[in-house]
Structures are given as structure tokens and as C-alpha cells.
Amino acid sequence: MTSTLRFLACAATLALAACGGGTLSTDEGHLRLVNATSAAEFPSLDLFAANGAVVTGVLPDSVSGYGDLKHDTYTLDLRQTGISTALVTTTTTLARKDHQTVVASTSGGTLVMTVLSDQEGAPSSGNAKLRIFNAASADSGAVDVYLVAAACTTLATSPAAATVANVSGLQNGYTQITASPAPVHLCVTATGDKSDVRLDIPALTLFDQRIVTVILTHTTGGILLHGLVLDQQGAATTAANGLARVRVAASVVPAGPVDVSVNGTAVAAGLTSPAVGPYQLVAAGPLTVQVNGTTVTPAAPLSAGAGADVTLLVTGTGSTVTQINDDTSLSSNAARPVKLRLVNALNGAVGTATLTVDNALVGSGAAFGAASAYAPVAASAGLARVEARSGAVQYFLATNVTLASGHVYSLFLLGDAAAAPNAGQLVADR
């Protein structure tokens, strides 16, 4: 079965307007593709139906034009542009004059394709319709969505109620909203926690009769989210996260409290070393760090990508700051639903440190100021034996450790090597 494109694909930009105009065939269905993955994952995707190309060369954060197909049931598959192997398949039935959008996204490290209907009826006069598609549920968990006039950072102290609550995957139907020409903040938070802001879309306008789906996608950090605003049979506009999450792991000598600000935001206040503080939201991009009021010049430039999670190791006298990139996305291994790594900020440590759980190697090659890769491990209810050492020197040992399913942990080696063993702190990154 063959298919023909209704028109050439629109120019692929981050704020791509849907290809429109012309006369649609009255006897055909219409199918398009949204590439809601990242350039690092799938830099270009093609959509095939019954082995015929429907649309090709769709870049991340963009939507294709519609391809026309006869009304029928089709097997759909996604392919990397120029490669004939199907990455993932699904089926759909197209009726006459039917419009559908296929969304390609990744959740929990797996490529997923979801077929959305583009045939939602218009809202009543003076209203708009909003639908949330949490395409990153396996990474971020369920979310609540608020529509407010002020910035999302003020949400925790506001009386605002969630417009949509506990969204995991595609919202079951649209929510009708009173239309307004004034833009609002669309705030995405962890379900039940208004202080845990995952995304702020600062200028969403829900004008009269607008029908829009907000697609939430994962970030490199794993907790924060990016957005893609998709109008029914219309444009797709990116809403990238402008924030990053930053925390401090203090390992200074002599031990004592440290104050740390990043890009003018207080990230640690009186954090008593050795210790690891909580994540704080800061503007993404280059990081300017002050420790106890003094600007630190790092050996390597510090920068947090949009949506990233970052740990800043403050070591020595407090004049050394090293960036460690975190990945707090959940484990995709059902048999090993915990993620664990080793971070070495132990002053005076020699060589590289290794991490074992129940005597099995989990992380290795962590030199001072570096971290091992995250590894999936089995959950444990107070039974795990966790050890970090460098050769014959034991830095940390704890038995009867609980490693809870669905959590992400870092074992930080902090303080002075001369104080080992038990120079470490096991911290839940998530």
C-alpha cells in the first residue's frame, strides 16, 4: 500500500509552524509525526505506514506536515532517517478526513510511539482546551499542572489548585479552560508537592477556541522536564527548561560550615562539612560560584545544561570546586531497580576508589574529584553490605544498608583519608 505526501515537510525549526493551506482530499486520512526526542537520541526520524514513507527527516522538537493515506488500518513504524530497520511499531486506523499525530518520545530509555487524535471538538465560546501528555513518566513520575499568573517559584506559597493532577502518560481527555488573551505560567510539579517545580512555561496563551497538547519530555538530569506545545492540526513550539538543579558536597579542611552561591542563588547556607546539601534550582548555563563570599576560579569551566542535575564538590580549603554531572533518572532494569555510584571527594585519597555491594563490584575508577558511572543494583531491605576502598585501604563500610526500589543513590567519600574507615555518606539522589 503506497502513500503520498500532502505537501513538502515544513522547515524544521524549534518553533515549527504546521504546514497548512490547500485543499485536503475528502476521502483520505492525514498523519504527521512529532519528534519529541533529543538530538543525542534520534537526530532525525521517519514515519512509515505499511512499509511506505509517510513523512521523513523530522528533527527533534519539531512536527512534520501531514501525509495523506487512504482510510484503512495501518502498521506504523519509526525509523532513523536513512536506515531501513524499524525502531518501534504500532497500529492505527485512519477514517475519512481523520487527522492523527504520532509522537515519538523516550521514557525510561526506551523509544515509544503514541498516536494522538487531532479531531477534538472545539470548546464552547470563551474557552480553550488543554491536554497534558507526560511522555517522561518513567523518568520523572506523575506530575501536577497549574496555570498561574506569577512565576512557578511562588507556587508553594500560593493557594492555587492544580488544573490537572497526577498525570502519568497521556491525560484522559482535555480540560476546558476559560480563555484569556493574557499569557500565564504553566507550572509542572511533582504530584502532591507544589515546591518541587519540574518545568515553568512562562508565557502560554490559552486564547478563545485554542486546542493544545503540552508534551512533557525528559532532561539529562532525569527530574526536570522539557516541554513541547502542540496545537491541534497546527504548530509545535518548544518550551525548553531554563533551569538546572545544583547541590553542594562539602569536603573542606578544616571541617566547618560553608556558604555557597551559584549564579547569585544561595545553594548552601551554613552547610557543615563534611556533608551533602539538597538540590536547588538555578539558571542553566555557565555557573559562577562563590564560597564564603569569595568567587572561585575553577580549574575547568562550570556549566549546567538546561534541565541538568549537577553536584559541586567543594574540597580542600574551599577554594577548589569541581563539577560532577548527575543522572537521577530511574533504573530501567526491573531486576535491579536501584541506581548507585561512588563520588570521591576524600582529601588526601591516593589512587582510585572502588565500590562494592555484597562484595560485587559496582563502581570503579573514581579518582579524587571524580565519580564512577551509575550502576543498577538489586533493592535491599536493610541487608546490603556497601564498601568503598582503594586497594588495601578501606574508606567506607556499612552493613545492613537499605537500598529502596526506585531510588538513586550516591556514596560520597568526604573529609580526610586519614579519618577512614567510615569516611563516606550514602545519599539518596532521588
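What value, in deg cm²/dmol to 500, does the helix sum -39500 (n - 2.57) over DSSP H runs of n ≥ 4 give at 222 nm once divided by the residues of the chain?
Details: 1 runs with 4 residues, N = 430.
Estimated from H runs of four or more residues: 0 deg cm²/dmol.
Please work out the C-alpha center-to-center distance from segment 125-172 to segment 33-72 and express it in whole Å.
Distance between centres, Cα-based: 27 Å.
Normalised by the number of residues in the chain, what is the relative contact order in percent for Cα pairs under 8 Å and 6+ residues apart? Display every interim value, and only then the final one.
Numbers: 1241 pairs, mean separation 42.8, N = 430.
With pairs under 8 Å counted, the relative contact order is 10 percent.
Give me the compactness ratio for segment 156-312, meaning the Cα radius of gyration over 2.2 N^0.38 Å.
Working: Rg = 18.9 Å, N = 157, 2.2 N^0.38 = 15.0 Å.
Compactness ratio reported: 1.26.
I'm a student and want to see the number: the projected area of the Cα convex hull of the chain, averaged over all directions, in nm². Kindly include the intermediate steps, with their values, before the conclusion.
Values: hull surface 92.0 nm².
If you wrap the Cα atoms of the chain in a convex hull and average its projections, you get 23.0 nm².
Each label point is 7 Å from the Cα along the Cα-to-Cβ direction; what then is the distance between the points at Gln176 and Ser124, in nm?
Between Gln176 and Ser124, the simple spin-label model gives 0.5 nm.
Mind checking which of Gly65, Gly348, Gly365 has the largest fluctuation in a GNM of the chain, springs on alpha carbons under 10 Å?
Residue with maximal mean-square fluctuation among Gly65, Gly348, Gly365: Gly348.
If we restrict to alpha carbons, what Rg and Dmax does segment 242-326 come to, in Å?
11.4, 36
What is the spin-label model distance, in nm, from Ala300 to Glu41 if the labels are put 7 Å beyond Cα along the C-beta direction?
2.6
Reachable aspartates and glutamates from Lys339, Cα under 17 Å, same-chain residues fewer than 8 places away excluded?
In chain and number order, the partners are Asp139, Asp309, Asp326, Asp327, Asp358, Glu387, Asp429.
Share of antiparallel DSSP beta bridges in the chain, in percent to the nearest 5?
About 80 percent, rounded to the nearest 5.
Does anything in segment 112-142 have its amide N under 19 Å from the 7 Å Cα→Cβ label point of Asp208, and if so which residues?
121-130
Please compute the modelled spin-label separation between Asn400 and Asp27, points set 7 Å along Cα→Cβ, answer in nm with one decimal.
Going from the Asp27 label point to the Asn400 one covers 7.7 nm.
Cα to Cα, under 19 Å, and not fewer than 8 places away if on the same chain: which aspartates and glutamates meet these conditions relative to Lys97?
Lys97 reaches Asp27, Glu28, Asp68, Asp72, Asp118, Glu120, Asp231.
Read-outs throughout are calculated quantities, based only on the coordinates presented, and are distinct from any laboratory measurement. Because the structure is a prediction, the values reported are computed rather than measured. Here the Cβ is made from the backbone with ideal geometry for all residues, glycine too, and neighbour counts use every protein chain on show.
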